[in-house]
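Single-structure report; data block below.
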Amino acid sequence: MRISTQMLYQISNNDLTNMQSQILKLNQQVTAGQKVLLPSDDPVNAARALDMTQTQALNTQYETNRKNANSSLAQVSSTLDSFTDMLTKLKSDVIKAGNQSFSNSERANLASELKSNFQEVLGYANATDGQGNYLFAGFKSTTQPFTLDGNGNAVYNGDQGTMSLQVDSTRQMEISASGQAIFQGNGQDIFQSMSNLISVLSVPVTEAANNADEQAANTFEYPAGSGLFPIQAYKTAQATLDATDASDPTYAAKFSAAAAAKLKSDTADAARTPVPGSQASLTRQLATFNGQFSAMIDNVGTVSASVGSRQNELDSLDAAGKVKDQNYTSAVNDMLGRNTADVSELISDLTLKQTYLSAAQKVFVSTSGLTLLNYLK
């Protein structure tokens, strides 16, 4: 086959152009640090890498949602802890006020202190997050959940809903709580209880009321028409027992009689309403408040435990999310050729192509300079 000078130049030019194009592509790949720059380089892996990148972006968004959820739950938990401390303080105040050595003025001072505590609890109920949204208003996060009406009673303006966030592909988590369930739940209204306690402590205990109450207790009939079960009857039975030696054969019978009289006396006393202003009336009402505050502590403790378990779950989801992110990154690197071995291979190919180009250029220069006249020389 005869090769013309024009064909020689054309073939050499095509070869050199192809090599330069390959070197340019390798330079771009080395600079980008990956093999697949365009979908046409590897359509299958390019499509799979795109899907994986989108999945990784969702995983990153879930991580952001978990941070926001953890922040909201931390604020809820902190508020509940403060509220629990307040309830514990109220129980302590109730026990303190029930001490018979406590004077009327001391109880009045305690009532004044409780008025400030009332406003403090109202602040807990109307707590907000970093964006100014109310934590305990349900879905009405921009509405103040608790306000006071004209009579000083707390009114709930929120709803029973709870805000939630998607914290993982298959997990939607509640990040708030209903204020009514916490501060007015299970039949216990902290605001009403505190108002009632303030009123009770504001009533002085008088000797006249104590005497009237003792007289009423000694003559209280329970149940109606069945005869008197007075405290005095128990006192008489107990005095008879105290006067009897334990070795006396009648001691056991007198002990049983005193126990039965005590039971009847306690039953009758529980059924009657003590005279207002008496120590008995104060003790009875304080016992009720003590039970109410205990129930509230249990209720808030249940909510706090739920919040804590969700925070623990977020920590577990975060750890799993980080592992997923690493796996996604590794998979995309494999598909797009971003690994160290892939880049090393690109650099090696680039160096080899540059060597080939340099050699081809020298060969072309030498070949193009050959003529028949040079041969004749």
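The values are calculated or read from the model by the stated rules, or taken from the named source; none is laboratory data. Everything numeric in this text was worked out from a predicted model, so none of it was measured. Every residue, glycine as well, gets a Cβ built from its backbone with ideal geometry; the counts of neighbours run over all protein chains shown. Calculation scope for accessible area: heavy atoms of the full protein, side chains included, ligands and nucleic acids excluded. Shrake-Rupley method; radii C 1.70, N 1.55, O 1.52, S 1.80 Å.
Carbon and sulfur: what percent of the chain's accessible surface (1.4 Å probe)? All intermediate terms of the calculation are to be shown ahead of the outcome.
Values: 11490 of 21260 Å².
Roughly 54 percent of what the probe reaches on the chain is carbon or sulfur.
Would you calculate a helix-derived [θ] at 222 nm for the chain, using -39,500 (n - 2.57) for each DSSP H run of n ≥ 4 and dividing by the full residue count, to the nearest 500? Before the final figure, lay out the partial values.
Working: 11 runs with 260 residues, N = 377.
The per-residue figure over the chain is -24500 deg cm²/dmol.
From largest accessible area down, sort 262, 362; use a 1.4 Å probe on the protein chains. Don't jump to the answer; show the numbers that get you there.
Numbers: 262 80, 362 140 Å².
Greatest to least solvent exposure: 362, 262.
Counting only residues 5 or more places away or on other chains, whose amide H sits under 5 Å from the amide H of residue 146 once H atoms are built in the peptide plane?
When sequence neighbours closer than 5 places are left aside, the close amide H contacts are 157.
Check every DSSP H run in the chain and write down those whose alpha carbon atoms cover 27 angstrom or more along the long axis and whose mean Kyte-Doolittle hydropathy is -1.0 or greater.
Values: long enough: 5-32 (40 Å, -0.48); 43-97 (81 Å, -0.49); 104-125 (31 Å, -0.60); 251-271 (30 Å, 0.11); 279-336 (84 Å, -0.30); 340-368 (41 Å, 0.24).
For the chain, where a helix must reach 27 Å along its axis and average at least -1.0, the hits are 5-32, 43-97, 104-125, 251-271, 279-336, 340-368.
Over the chain, what is the mean sequence separation of C-alpha contacts under 8 Å (at least six apart), divided by residue count, expressed as relative contact order in percent? Could the numbers behind the result be given before it?
Values: 394 pairs, mean separation 99.0, N = 377.
The normalised contact order for the chain reaches 26 percent.
Per residue, how large is the accessible surface of the chain? Use a 1.4 angstrom probe and give square angstrom.
56 Å²
In percent, how large is the relative contact order of the range 108-169, given Cα pairs closer than 8 Å and 6 or more residues apart?
Working: 69 pairs, mean separation 13.7, N = 62.
Normalised by residue count, the contact order of the range 108-169 is 22 percent.
Going from most exposed to least, what order do 207, 345 have by accessible area with a 1.4 Å probe? Could you put the intermediate results ahead of the total?
Numbers: 207 125, 345 85 Å².
Sorted by accessible area, descending: 207, 345.
Let me cross-check residue 86: its accessible surface, 1.4 Å probe, with only protein heavy atoms counted, in Å² to the nearest 10?
10 Å²
Could you work out how much longer the chain between residue 302 and residue 355 gets when fully extended? Use 0.36 nm per residue separation minus the Cα distance between them, nm to one decimal.
Working: separation 53, 0.36 × 53 = 19.08 nm, distance 7.45 nm.
Using 0.36 nm per residue and subtracting the Cα-Cα distance, I get 11.6 nm.
Report which label in [x] 129; [y] 280; [z] 181 holds the value of volume of the Cα convex hull per residue in Å³ derived from the coordinates of this structure.
[y]
Subtract the Cα-Cα distance of residue 131 and residue 109 from 0.36 nm times their separation in residues, and report this length gain in nm to one decimal.
Details: separation 22, 0.36 × 22 = 7.92 nm, distance 3.81 nm.
Extra length available between residue 131 and residue 109 comes to 4.1 nm.
Would you mind checking which residues have amide H under 5 Å from residue 128's amide H? H placed 1.01 Å from N; only 5 or more apart, or other chain.
135
How large is the dipole of the chain about the Cα centre if only Lys and Arg carry +1 and Asp and Glu carry -1, each at its Cβ, rounded to the nearest 20 debye?
On the way: 26 positive and 35 negative charges, 331 e Å.
With only Lys, Arg, Asp and Glu charged at Cβ, the dipole is about 1600 debye.
Could you pull out the pairs from 115/140; 67/140; 115/235; 25/362; 35/322; 67/115 whose alpha carbons sit more than 30 Å apart here?
Numbers: 115/140 28 Å; 67/140 22 Å; 115/235 41 Å; 25/362 22 Å; 35/322 26 Å; 67/115 37 Å.
Flagged as over cut-off: 115/235; 67/115.
For residue 311 and residue 58, what is the calculated FRET efficiency with R₀ set at 30 Å and r taken between the beta-carbons, to the nearest 0.05? Working shown, then result.
Details: r = 22 Å, r/R0 = 0.75.
With a Förster radius of 30 Å, E is 0.85.
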